[in-house]
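Here's the structure, in C-alpha coordinates; my notes come after.
The values are calculated or read from the model by the stated rules, or taken from the named source; none is laboratory data. These numbers come from a predicted model, not from an experiment. Every residue, glycine as well, gets a Cβ built from its backbone with ideal geometry; the counts of neighbours run over all protein chains shown. When the accessible area is computed, the model is the full protein with side chains, heavy atoms only, and any ligands, DNA or RNA have been set aside. Shrake-Rupley method; radii C 1.70, N 1.55, O 1.52, S 1.80 Å.
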2 protein chains.
Amino acid sequence: MSVTLDAIDRHILRVLQCDGRISNVELAREVGLSPSPCLRRVRLLEEAGIIDRYVAVLDPAKVGAGLTVFARVWFKTQDAEVTLRFAEAVRRFPEVMECYLTTGECDAVLRIVTADLHSYWRFQADHLTRIPGVLSVKTDVPMETLKRSYELPLR
Amino acid sequence: MSVTLDAIDRHILRVLQCDGRISNVELAREVGLSPSPCLRRVRLLEEAGIIDRYVAVLDPAKVGAGLTVFARVWFKTQDAEVTLRFAEAVRRFPEVMECYLTTGECDAVLRIVTADLHSYWRFQADHLTRIPGVLSVKTDVPMETLKRSYELPLR
DNA sequence: GGATGCTTCGCAAGCTCATTGCGTGAGGTT
DNA sequence: AACCTCACGCAATGAGCTTGCGAAGCATCC
(Lines give C-alpha, C1' and ligand atoms only; values in the text may rest on other atoms or scores of the structure.)
Protein backbone atom coordinates (compact mmCIF):
# COMPACT_ATOMS: atom_id res chain seq x y z
CA MET A 1 0.00 0.00 0.00
CA SER A 2 2.71 2.44 -0.98
CA VAL A 3 0.85 5.59 -1.93
CA THR A 4 2.79 8.36 -3.57
CA LEU A 5 2.06 11.68 -1.92
CA ASP A 6 1.94 14.70 -4.18
CA ALA A 7 2.22 18.32 -3.11
CA ILE A 8 -1.50 18.62 -2.38
CA ASP A 9 -1.48 15.52 -0.19
CA ARG A 10 1.41 16.89 1.84
CA HIS A 11 -0.39 20.20 2.09
CA ILE A 12 -3.46 18.43 3.42
CA LEU A 13 -1.37 16.52 5.95
CA ARG A 14 0.36 19.66 7.09
CA VAL A 15 -2.95 21.43 7.68
CA LEU A 16 -4.54 18.46 9.44
CA GLN A 17 -1.53 18.10 11.71
CA CYS A 18 -2.15 21.67 12.87
CA ASP A 19 -5.94 21.49 13.01
CA GLY A 20 -7.48 18.05 12.94
CA ARG A 21 -10.99 19.40 13.16
CA ILE A 22 -10.94 21.85 10.30
CA SER A 23 -14.03 21.56 8.16
CA ASN A 24 -13.63 19.98 4.78
CA VAL A 25 -14.72 23.09 2.89
CA GLU A 26 -12.12 25.20 4.65
CA LEU A 27 -9.45 22.56 4.16
CA ALA A 28 -10.36 22.45 0.48
CA ARG A 29 -10.08 26.21 0.17
CA GLU A 30 -6.75 26.08 1.99
CA VAL A 31 -5.21 23.57 -0.42
CA GLY A 32 -6.88 24.95 -3.54
CA LEU A 33 -9.42 22.25 -4.33
CA SER A 34 -13.18 21.96 -4.31
CA PRO A 35 -14.66 20.09 -1.33
CA SER A 36 -15.36 16.76 -2.98
CA PRO A 37 -11.92 15.83 -4.34
CA CYS A 38 -10.43 17.17 -1.12
CA LEU A 39 -12.57 14.89 1.00
CA ARG A 40 -11.75 12.01 -1.33
CA ARG A 41 -8.04 12.57 -0.78
CA VAL A 42 -8.50 12.71 2.98
CA ARG A 43 -10.42 9.43 2.91
CA LEU A 44 -7.67 7.79 0.85
CA LEU A 45 -5.04 9.05 3.29
CA GLU A 46 -7.06 7.57 6.13
CA GLU A 47 -7.61 4.23 4.40
CA ALA A 48 -3.93 3.98 3.53
CA GLY A 49 -3.15 4.42 7.22
CA ILE A 50 -1.11 7.54 6.57
CA ILE A 51 -3.56 9.39 8.77
CA ASP A 52 -3.69 7.06 11.73
CA ARG A 53 -6.29 8.85 13.84
CA TYR A 54 -7.52 12.18 15.11
CA VAL A 55 -7.05 13.16 18.73
CA ALA A 56 -7.70 16.05 21.07
CA VAL A 57 -4.55 17.41 22.66
CA LEU A 58 -5.08 18.37 26.29
CA ASP A 59 -3.07 20.83 28.34
CA PRO A 60 -1.12 18.48 30.62
CA ALA A 61 -0.87 20.98 33.46
CA LYS A 62 -4.62 21.54 33.52
CA VAL A 63 -5.59 17.90 33.80
CA GLY A 64 -3.15 16.93 36.51
CA ALA A 65 -0.38 15.61 34.30
CA GLY A 66 2.02 18.50 34.43
CA LEU A 67 5.26 16.59 34.78
CA THR A 68 6.96 14.73 31.95
CA VAL A 69 10.01 12.68 32.84
CA PHE A 70 12.29 10.41 30.88
CA ALA A 71 13.34 7.20 32.53
CA ARG A 72 16.09 4.87 31.38
CA VAL A 73 15.74 1.31 32.57
CA TRP A 74 18.30 -1.46 32.91
CA PHE A 75 17.20 -5.10 32.98
CA LYS A 76 18.84 -7.90 34.96
CA THR A 77 18.86 -10.01 31.81
CA GLN A 78 17.97 -9.26 28.22
CA ASP A 79 16.02 -12.44 27.44
CA ALA A 80 12.57 -12.50 25.85
CA GLU A 81 10.88 -13.50 29.10
CA VAL A 82 11.95 -10.30 30.86
CA THR A 83 11.18 -7.94 27.98
CA LEU A 84 7.78 -9.54 27.40
CA ARG A 85 6.73 -9.13 31.03
CA PHE A 86 8.10 -5.60 31.00
CA ALA A 87 6.10 -4.77 27.88
CA GLU A 88 2.88 -6.10 29.39
CA ALA A 89 3.39 -4.17 32.61
CA VAL A 90 4.23 -0.95 30.84
CA ARG A 91 1.16 -1.13 28.62
CA ARG A 92 -1.02 -1.32 31.71
CA PHE A 93 0.32 1.90 33.21
CA PRO A 94 -1.47 4.93 31.78
CA GLU A 95 1.35 7.14 33.07
CA VAL A 96 3.69 5.57 30.52
CA MET A 97 3.12 7.47 27.31
CA GLU A 98 5.94 5.94 25.33
CA CYS A 99 8.28 3.01 25.82
CA TYR A 100 11.08 1.80 23.56
CA LEU A 101 13.58 -1.02 23.81
CA THR A 102 17.09 0.16 23.12
CA THR A 103 20.38 -1.54 22.53
CA GLY A 104 22.75 1.11 23.69
CA GLU A 105 23.72 2.21 27.11
CA CYS A 106 20.42 1.18 28.69
CA ASP A 107 17.75 -1.39 27.87
CA ALA A 108 14.59 0.72 27.69
CA VAL A 109 13.60 4.37 27.46
CA LEU A 110 10.25 5.61 28.80
CA ARG A 111 8.39 8.88 28.64
CA ILE A 112 6.25 9.09 31.73
CA VAL A 113 3.59 11.64 32.65
CA THR A 114 2.44 12.35 36.20
CA ALA A 115 1.02 15.24 38.19
CA ASP A 116 4.23 16.21 39.98
CA LEU A 117 7.52 14.95 41.32
CA HIS A 118 5.93 13.28 44.29
CA SER A 119 3.53 11.35 42.11
CA TYR A 120 6.39 10.28 39.92
CA TRP A 121 8.43 9.14 42.84
CA ARG A 122 5.54 7.01 44.04
CA PHE A 123 5.05 5.57 40.57
CA GLN A 124 8.72 4.69 40.26
CA ALA A 125 8.99 3.20 43.73
CA ASP A 126 5.69 1.34 43.76
CA HIS A 127 5.37 0.20 40.18
CA LEU A 128 8.27 0.78 37.82
CA THR A 129 11.07 -0.69 39.89
CA ARG A 130 8.85 -3.56 40.99
CA ILE A 131 8.38 -4.97 37.51
CA PRO A 132 10.18 -8.35 37.57
CA GLY A 133 13.52 -8.20 35.81
CA VAL A 134 14.13 -4.50 36.30
CA LEU A 135 17.59 -3.88 37.67
CA SER A 136 17.72 -0.10 37.95
CA VAL A 137 16.16 3.14 36.75
CA LYS A 138 17.72 6.50 35.99
CA THR A 139 15.51 9.52 35.54
CA ASP A 140 16.02 12.78 33.68
CA VAL A 141 13.64 15.35 35.12
CA PRO A 142 12.90 18.33 32.88
CA MET A 143 13.03 21.72 34.54
CA GLU A 144 11.70 23.61 31.55
CA THR A 145 10.04 22.80 28.25
CA LEU A 146 11.79 24.38 25.30
CA LYS A 147 9.65 22.77 22.62
CA ARG A 148 6.74 20.41 22.27
CA SER A 149 5.50 19.71 18.76
CA TYR A 150 2.89 17.37 17.39
CA GLU A 151 3.73 17.83 13.74
CA LEU A 152 5.91 15.28 12.04
CA PRO A 153 8.28 16.87 9.55
CA LEU A 154 7.00 16.30 6.02
CA ARG A 155 9.76 16.39 3.47
CA MET B 1 -12.21 29.17 33.39
CA SER B 2 -14.05 26.37 35.16
CA VAL B 3 -11.20 24.37 36.60
CA THR B 4 -13.45 21.87 38.29
CA LEU B 5 -14.00 18.90 36.01
CA ASP B 6 -16.92 16.67 36.84
CA ALA B 7 -17.36 13.07 35.74
CA ILE B 8 -19.01 14.03 32.46
CA ASP B 9 -16.20 16.44 31.57
CA ARG B 10 -13.62 13.76 32.16
CA HIS B 11 -15.69 11.34 30.11
CA ILE B 12 -15.77 13.86 27.25
CA LEU B 13 -12.01 14.36 27.47
CA ARG B 14 -11.38 10.62 27.50
CA VAL B 15 -13.47 10.14 24.36
CA LEU B 16 -11.97 13.11 22.53
CA GLN B 17 -8.46 11.92 23.34
CA CYS B 18 -9.30 8.68 21.52
CA ASP B 19 -11.25 10.21 18.64
CA GLY B 20 -10.89 13.92 18.15
CA ARG B 21 -13.21 13.95 15.17
CA ILE B 22 -16.18 12.17 16.68
CA SER B 23 -19.42 13.94 15.82
CA ASN B 24 -21.06 15.88 18.59
CA VAL B 25 -24.23 13.80 18.49
CA GLU B 26 -22.27 10.59 18.94
CA LEU B 27 -20.13 12.12 21.67
CA ALA B 28 -23.32 13.25 23.41
CA ARG B 29 -24.79 9.76 23.22
CA GLU B 30 -21.53 8.33 24.54
CA VAL B 31 -21.49 10.53 27.63
CA GLY B 32 -25.25 10.48 28.22
CA LEU B 33 -26.25 14.00 27.26
CA SER B 34 -28.24 15.60 24.50
CA PRO B 35 -26.18 17.28 21.76
CA SER B 36 -26.53 20.89 22.83
CA PRO B 37 -25.26 20.78 26.42
CA CYS B 38 -22.56 18.38 25.25
CA LEU B 39 -21.34 20.85 22.65
CA ARG B 40 -21.51 23.62 25.22
CA ARG B 41 -19.25 21.65 27.56
CA VAL B 42 -16.78 20.99 24.77
CA ARG B 43 -16.66 24.70 23.92
CA LEU B 44 -16.04 25.55 27.58
CA LEU B 45 -13.22 23.00 27.76
CA GLU B 46 -11.71 24.57 24.64
CA GLU B 47 -12.03 28.12 25.93
CA ALA B 48 -10.52 27.15 29.27
CA GLY B 49 -7.52 25.79 27.38
CA ILE B 50 -8.03 22.32 28.79
CA ILE B 51 -8.48 21.13 25.24
CA ASP B 52 -5.50 22.76 23.62
CA ARG B 53 -6.11 21.71 20.01
CA TYR B 54 -7.12 18.90 17.70
CA VAL B 55 -4.55 17.20 15.52
CA ALA B 56 -4.31 14.41 12.98
CA VAL B 57 -1.85 11.71 14.03
CA LEU B 58 0.16 10.43 11.09
CA ASP B 59 1.90 7.08 10.77
CA PRO B 60 5.54 8.10 11.17
CA ALA B 61 6.86 5.26 9.04
CA LYS B 62 4.59 6.15 6.14
CA VAL B 63 5.59 9.79 5.93
CA GLY B 64 9.32 9.27 6.11
CA ALA B 65 9.73 9.78 9.83
CA GLY B 66 10.09 6.20 10.97
CA LEU B 67 12.88 6.65 13.49
CA THR B 68 12.43 8.18 16.92
CA VAL B 69 15.58 8.73 18.97
CA PHE B 70 16.27 10.27 22.34
CA ALA B 71 19.30 12.49 22.61
CA ARG B 72 20.86 13.78 25.80
CA VAL B 73 22.88 16.93 25.42
CA TRP B 74 25.63 18.40 27.59
CA PHE B 75 26.42 22.11 27.39
CA LYS B 76 29.85 23.67 27.81
CA THR B 77 28.35 26.14 30.27
CA GLN B 78 24.91 26.44 31.83
CA ASP B 79 24.43 30.19 31.48
CA ALA B 80 21.36 31.84 29.99
CA GLU B 81 23.17 32.81 26.80
CA VAL B 82 23.88 29.21 25.86
CA THR B 83 20.44 27.86 26.73
CA LEU B 84 18.70 30.70 24.90
CA ARG B 85 20.62 30.12 21.69
CA PHE B 86 20.04 26.39 22.07
CA ALA B 87 16.29 26.94 22.47
CA GLU B 88 16.11 29.10 19.37
CA ALA B 89 18.05 26.60 17.29
CA VAL B 90 16.00 23.67 18.49
CA ARG B 91 12.72 25.38 17.70
CA ARG B 92 13.82 25.85 14.12
CA PHE B 93 14.48 22.14 13.53
CA PRO B 94 11.27 20.31 12.60
CA GLU B 95 12.98 17.02 13.44
CA VAL B 96 13.02 17.99 17.12
CA MET B 97 9.60 17.05 18.44
CA GLU B 98 10.31 17.72 22.10
CA CYS B 99 13.08 19.41 24.02
CA TYR B 100 13.46 19.84 27.76
CA LEU B 101 16.09 21.41 29.95
CA THR B 102 17.13 19.12 32.79
CA THR B 103 19.15 19.54 35.88
CA GLY B 104 20.38 16.05 36.45
CA GLU B 105 23.01 14.03 34.69
CA CYS B 106 22.70 15.97 31.43
CA ASP B 107 21.56 19.45 30.45
CA ALA B 108 18.86 18.76 27.85
CA VAL B 109 16.76 15.86 26.61
CA LEU B 110 15.42 15.78 23.07
CA ARG B 111 13.01 13.54 21.21
CA ILE B 112 14.00 13.62 17.56
CA VAL B 113 12.23 12.15 14.55
CA THR B 114 13.93 11.33 11.26
CA ALA B 115 13.52 8.91 8.39
CA ASP B 116 16.26 6.47 9.39
CA LEU B 117 19.59 6.13 11.19
CA HIS B 118 21.52 7.72 8.38
CA SER B 119 19.27 10.77 8.37
CA TYR B 120 19.68 11.05 12.12
CA TRP B 121 23.41 10.78 11.92
CA ARG B 122 23.46 13.60 9.39
CA PHE B 123 21.19 15.72 11.56
CA GLN B 124 23.34 15.17 14.62
CA ALA B 125 26.62 15.81 12.83
CA ASP B 126 25.49 18.76 10.70
CA HIS B 127 23.10 20.54 13.03
CA LEU B 128 22.76 19.32 16.60
CA THR B 129 26.42 19.23 17.57
CA ARG B 130 27.06 22.48 15.74
CA ILE B 131 24.76 24.55 17.92
CA PRO B 132 27.08 26.92 19.81
CA GLY B 133 27.64 25.83 23.37
CA VAL B 134 26.93 22.15 22.84
CA LEU B 135 29.64 20.03 24.39
CA SER B 136 28.49 16.50 23.63
CA VAL B 137 25.51 14.36 22.67
CA LYS B 138 24.57 10.86 23.71
CA THR B 139 21.86 9.02 21.83
CA ASP B 140 19.54 6.20 22.83
CA VAL B 141 18.27 4.51 19.69
CA PRO B 142 15.08 2.48 20.08
CA MET B 143 15.07 -0.94 18.49
CA GLU B 144 11.43 -1.64 19.15
CA THR B 145 8.39 0.31 20.21
CA LEU B 146 6.61 -1.25 23.15
CA LYS B 147 4.05 1.50 23.61
CA ARG B 148 3.06 4.80 22.11
CA SER B 149 0.05 6.55 23.60
CA TYR B 150 -1.53 9.91 23.00
CA GLU B 151 -3.91 9.83 25.93
CA LEU B 152 -2.99 11.64 29.09
CA PRO B 153 -4.09 9.75 32.20
CA LEU B 154 -7.18 11.43 33.69
CA ARG B 155 -7.51 10.82 37.36
C1' DG C 1 -40.83 27.27 54.73
C1' DG C 2 -41.35 29.29 50.52
C1' DA C 3 -39.67 32.43 47.00
C1' DT C 4 -35.77 33.87 44.14
C1' DG C 5 -31.64 33.45 41.38
C1' DC C 6 -28.37 30.47 39.12
C1' DT C 7 -27.02 26.69 36.50
C1' DT C 8 -27.59 23.17 33.22
C1' DC C 9 -30.56 20.51 30.82
C1' DG C 10 -33.56 19.21 26.52
C1' DC C 11 -36.18 20.74 22.43
C1' DA C 12 -36.76 22.95 18.01
C1' DA C 13 -35.47 25.72 13.89
C1' DG C 14 -32.30 27.33 10.67
C1' DC C 15 -28.23 26.81 8.48
C1' DT C 16 -23.76 24.89 7.29
C1' DC C 17 -21.31 21.00 5.97
C1' DA C 18 -20.48 16.09 4.55
C1' DT C 19 -21.36 12.74 1.15
C1' DT C 20 -22.45 10.61 -3.20
C1' DG C 21 -23.31 10.22 -8.19
C1' DC C 22 -22.34 12.02 -12.53
C1' DG C 23 -20.40 14.60 -16.33
C1' DT C 24 -16.06 16.82 -18.13
C1' DG C 25 -11.35 17.56 -19.31
C1' DA C 26 -6.33 16.50 -19.16
C1' DG C 27 -2.63 13.20 -19.86
C1' DG C 28 -0.78 8.89 -21.32
C1' DT C 29 -1.03 4.56 -24.17
C1' DT C 30 -1.95 1.71 -28.16
C1' DA D 1 -6.39 9.66 -33.70
C1' DA D 2 -9.14 7.03 -30.65
C1' DC D 3 -9.31 5.13 -26.23
C1' DC D 4 -8.59 4.55 -21.38
C1' DT D 5 -7.81 6.24 -16.90
C1' DC D 6 -7.71 9.33 -13.37
C1' DA D 7 -8.86 13.36 -10.91
C1' DC D 8 -11.57 17.39 -10.84
C1' DG D 9 -15.92 20.29 -10.24
C1' DC D 10 -20.96 20.59 -9.84
C1' DA D 11 -25.36 19.55 -7.80
C1' DA D 12 -28.65 17.29 -4.60
C1' DT D 13 -29.64 15.03 -0.46
C1' DG D 14 -29.14 14.06 4.13
C1' DA D 15 -26.79 14.52 8.43
C1' DG D 16 -24.85 17.33 11.88
C1' DC D 17 -23.80 21.89 13.96
C1' DT D 18 -25.44 25.92 16.25
C1' DT D 19 -28.33 29.05 18.80
C1' DG D 20 -32.38 30.74 21.29
C1' DC D 21 -35.73 29.54 24.54
C1' DG D 22 -38.36 27.38 28.15
C1' DA D 23 -38.14 23.95 32.07
C1' DA D 24 -36.18 21.47 36.01
C1' DG D 25 -32.91 20.89 39.85
C1' DC D 26 -30.52 23.15 43.58
C1' DA D 27 -28.65 26.39 46.76
C1' DT D 28 -29.32 30.76 49.01
C1' DC D 29 -31.77 34.23 51.34
C1' DC D 30 -35.58 36.55 53.26
Task: Residue among A:M97, A:Y120, A:S36 farthest towards the positive dipole end of region A:17-122, charges placed on Cβ - done: A:S36
Task: Semi-axes of the equivalent ellipsoid for chain B, Cα gyration tensor, largest first, Å - done: 39, 19, 13
- [ ] For region B:40-129, just say rounded, prolate or oblate: build the C-alpha gyration tensor, square-root its eigenvalues into a ≥ b ≥ c, call rounded for a/c under 1.5, and beyond that prolate if a/b exceeds b/c, oblate if not.
- [x] oblate
Task: Dipole magnitude (debye, nearest 20) for region B:7-47, charges at Cβ of Lys, Arg, Asp, Glu - done: 60
Open item on the list: Please check: in the Gaussian network model of chain A (C-alpha springs, under 10 Å), which one of A:P94, A:P37, A:P142 has the largest mean-square fluctuation.
Closed with: A:P37
- [ ] Using a 1.4 angstrom probe on heavy atoms only, work out the carbon and sulfur share of the accessible area of region A:7-47 in %.
- [x] 53
Task: Distance from region A:122-142 to region B:23-93 (C-alpha centre basis), Å - done: 26
Task: Solvent-accessible area buried by A and B, counting both chains, probe 1.4 angstrom, square angstrom - done: 6500
Task: Gained length - A:R148 relative to A:D116, 0.36 nm times residue gap less alpha-carbon distance - done: 9.7 nm
Open item on the list: From Cα pairs below 8 angstrom and at least 6 apart in sequence, can you work out the relative contact order of chain A, rounded to a whole percent?
Closed with: 25
Task: Residue among A:T114, A:T103, A:T83 with the largest mean-square fluctuation in a Gaussian network model of chain A, springs linking Cα atoms under 10 Å - done: A:T103
Task: Average beta-carbon neighbours from other chains, 10 Å sphere, peptide B:10-17 - done: 2
- [ ] Would you mind calculating the relative contact order of region B:60-140 from Cα pairs under 8 angstrom and at least 6 residues apart, reporting the percent as a whole number?
- [x] 46
Open item on the list: I want to check the label-to-label distance for B:V15 and B:V141. Put each point 7 Å from Cα in the C-beta direction and report it in nm to one decimal.
Closed with: 4.5
TODO: Would you kindly work out, in nm and rounded to one decimal, the distances from the label point of A:R148 to those of the same position in each other copy, ordered shortest first, with label points 7 Å along Cα-to-Cβ?
DONE: 1.9
- [ ] Find every distance from the label point of B:H127 to the corresponding label point in the other copies (7 Å from Cα along Cα→Cβ) and write them in nm, one decimal, shortest first.
- [x] 3.4
Task: Distances in nm from A:D116 to the matching label points in the other copies, shortest first (labels 7 Å along Cα to Cβ) - done: 4.8
TODO: For region B:100-144, run through the trypsin sites (Lys or Arg not before Pro) and keep only the ones in DSSP coil with at most 12 other Cβ atoms within 10 Å of their Cβ.
DONE: none
Task: J(HN,Hα) series, region B:54-70, from Karplus relation 6.51 cos²θ - 1.76 cosθ + 1.60, nearest Hz, glycine and proline x - done: 10, 9, 8, 9, 8, 6, x, 5, 8, 10, x, 9, x, 10, 9, 10, 10
